[in-house]
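Structure incoming, see below.
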């Protein structure tokens with residue numbers, strides 16, 4: 001079988017390199033991370049309450065996902081995951097019964113760590129690669 | 001009319017007509033993260049501090065997607081942020097080296113934080129009884145530990161830990177023995193066991209034969225407790241004053257062995273507890289220390305917010 005494919009090396013790196021870090025892109029990397037879905041949203045959470053967010057991806061496999069959340073609304077500070085409950089805002093539940101991904105949905109629960117209603121912004125990526 | 005255009009490269013043996021993204025090595029239908037740069041930051045959480053923060057500039061002018069990895073200096077534990085649950089370290093009786101880590105981003109910087117939710121940071125030295133321990137008892141001899149009274153006869157115990165990594169000059173603020181209950185006599189939660197706690201007043205006490213004749217520390221504490229509730233429980237013993245008396249001996253060196261006596265008092269009930277080697281008992285020591293957490297963040301050009 002031939003040595004086929006496409007590869008693009010970094011500036012100053014030889015195309016014949018066998019070091020993966022030398023490449024901007026290579027089809028030899030099994031697999032390159034593909035963003036199938038990316039989107040943003042907001043979630044309204046009552047004071048001291050929680051709200052469940054459900055994103056339907058319908059990929060029929062369990063995909064790798066990433067979630068960013070602005071824990072304190074309008075703060076401009078964005079956390080990957082956002083599981084820590086400190087701060088005057090919201091946080092994402094780390095309980096796997098409420099925050100998980102399956103073959104159809106990406107779900108997460110957002111808790112409000114304050115007594116007043118919060119509207120939190122989030123951003124997520126769903127990749128075309130299996131998480132399990 | 002919209003055209004189905006683009007470039008697609010599939011895995012070996014998979015038709016290019018596939019619609020399953022897992023089969024594709026590359027497809028212009030799907031974006032991929034665009035690498036912006038890697039950034040590193042090391043934060044040192046010192047004794048007496050409960051948190052430390054730092055940042056690096058990514059200079060993108062918008063909030064980018066990013067992912068952060070880290071490694072903890074004292075035990076080499078590698079992790080990815082976010083941790084779930086978001087902590088690393090011992091979760092024991094003092095929880096003093098229990099730290100949380102987090103990172104976040106804004107339009108200018110990546111931020112890092114290391115903190116402890118249980119007061120100021122201390123190093124937590126754990127002496128594993130299963131590998132580092134010697135037992136002795138006047139009841140079973142070497143290899144056994146027992147303290148209390150069996151019939152009319154008082155039973156004394158001793159325990160020795162090897163490789164105690166504390167220097168003469170370090171300020172130890174807690175030393176707790178957790179003695180595993182492998183056997184017991186008397187009525188649980190009712191009968192009393194009373195004893196005196198001593199240290200073995202030697203620089204590097206040797207392996208047990210019969211250590212009962214070895215010198216005792218001036219430091220002594222009285223203990224009075226009921227028979228443990230059940231087998232498998234642990235009996236806690238505060239040995240701080242005894243530990244510090246041995247640690248400050250002129251001949252003490254880090255890594256030496258340290259021993260303790262538990263001498264039964266005549267006034268207790270007909271009750272005892274004990275264990276046999278190999279032991280599940282352990283010793284924990286709380287002392288000043290620091291931890292360095294080294295972060296590495298990969299920042300992508302992909303925007304998640306303005």
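Hand me the list of strands (runs of 3 or more DSSP E) wholly inside the range A:1-105 holding 2 or more residues that are at pLDDT below 90.
Of the strands (runs of 3 or more DSSP E) lying wholly inside the range A:1-105, those with at least 2 residues that are at pLDDT below 90 span A:7-9, A:23-26.
I want to confirm something. Restricting to the range B:72-105 and keeping residues that are over 26 Å from residue B:34 (Cβ atoms) and modelled with pLDDT of 80 or more, which single residue is farthest from the other protein chains (Cβ to nearest Cβ)?
The selected residue is B:73.
Also: Just checking, does the range A:82-95 include any residue being more than 12 Å from chain B (Cβ to nearest Cβ), in contact with a strand residue (DSSP E or B) (Cβ under 8 Å, 6 or more places away or on another chain) and either buried (at least 18 other Cβ atoms within 10 Å of the Cβ) or within 17 Å of residue B:102 (Cβ to Cβ) (or both)?
yes
Something else: Tell me which residues, restricted to the range B:241-250, are surrounded by fewer than 20 Cβ atoms within 10 Å (Cβ to Cβ) and not in a loop (DSSP other than H, G, I, E, B).
Answer for the range B:241-250, where residues must be surrounded by fewer than 20 Cβ atoms within 10 Å (Cβ to Cβ) and not in a loop (DSSP other than H, G, I, E, B): B:241, B:244, B:245.
Here's another thing I want to ask about it. Would you point out the residue of the range A:29-74, among those that are facing chain B (nearest Cβ under 8 Å) and free of Cβ contacts under 8 Å to residues at least 40 places away in the same chain, that is farthest from residue A:94 (Cα to Cα)?
The qualifying residue farthest from residue A:94 (Cα to Cα) is A:29.
Could you list, in sequence order, the residues of the range B:251-306 that are part of a strand (DSSP E or B) and within 14 Å of chain A (Cβ to nearest Cβ)?
The answer is B:295, B:296, B:297, B:298, B:299, B:300, B:301, B:302, B:303, B:304, B:305.
The values are calculated or read from the model by the stated rules, or taken from the named source; none is laboratory data. Note that this is a predicted model, so its numbers are computed, not measured. Ideal geometry is used to build each Cβ from the backbone, glycine not excepted, and the neighbour counts take in all protein chains shown.
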